[in-house]
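Visitor: One structure is given below, represented as structure tokens, and several questions about it will come after.
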Amino acid sequence: MHVSDILRVKGHALYTVPPEQPLAEAVRTMVERDIGSLVVMEHGRIDGILTFREVLQTIVKNGGEIGVALVRNAMEVKPLTCTPETEIDAARRLMLGRHARYMPVIDENDEGGTLMGVISFHDIAKAVVEAQDFENRMLKAYIRDWPEDEDGKQNEATLEARSQP
């Protein structure tokens, strides 16, 4: 399974913000849209990412207030990114390694790269659970359709042979 599979199900809704926007406005957008991140774009290129983690860190630095901080002062400058072709397991490992909850997806086939969407750790967890549920259903269906012997019983020799590594 690839990151493109998550985007296909999730959709390609993108929420971006310029680096010079007041942080308070960016937070308002995140709350109104019920999203946990905004991709910071400048001149058509990714400049960073803003998540609630960076917002909270900025508030703590400002003595408990957002103040007049700009997105540029709060954003993560070099966000972790992936491509639509990235395997979900690889994306999960990258996110775990950097303790990242959100990751922009960049199509590098275009010059300079095109932002395709943002995946969250929740999106990956959901995709993995759904894939495991599907696999479990298939395995259970396979076991239910186990070959029977002449007496209409499942062949114990076949069961035993199949259970051996």
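The values are calculated or read from the model by the stated rules, or taken from the named source; none is laboratory data. Just so it is clear, the model here is predicted, and its values are computed rather than measured. Neighbour counts run over all protein chains shown; Cβ positions are idealised from the backbone, glycine included. To get the accessible areas, we keep the full protein, side chains included, count just its heavy atoms, and leave off ligands, DNA and RNA. Shrake-Rupley method; radii C 1.70, N 1.55, O 1.52, S 1.80 Å.
Visitor: Scan segment 34-44 for residues that are within 18 Å of M103 (Cβ to Cβ) and either assigned to a strand (DSSP E or B) or open to solvent by 20 Å² or more (accessible area, probe 1.4 Å) (or both) and jot them down.
Guide: I35, S37, L38, V39, V40, M41
Visitor: If you check I59 against the conditions, is it free of Cβ contacts under 8 Å to residues at least 60 places away in the same chain and under 30 Å from V129 (Cβ atoms)?
Guide: It is false that I59 is free of Cβ contacts under 8 Å to residues at least 60 places away in the same chain and under 30 Å from V129 (Cβ atoms).
Visitor: Further question: Working only within segment 57-86, note down all residues that are under 21 Å from the mean Cα position of the chain (by Cα) and farther than 26 Å from A127 by Cβ.
Guide: Scanning segment 57-86 gives M75, V77.
Visitor: Could you grab me the full set of residues in segment 113-165 that are at pLDDT below 65 and of a type in the set (K, R)?
Guide: Within segment 113-165, K153, R162 meet the criteria.
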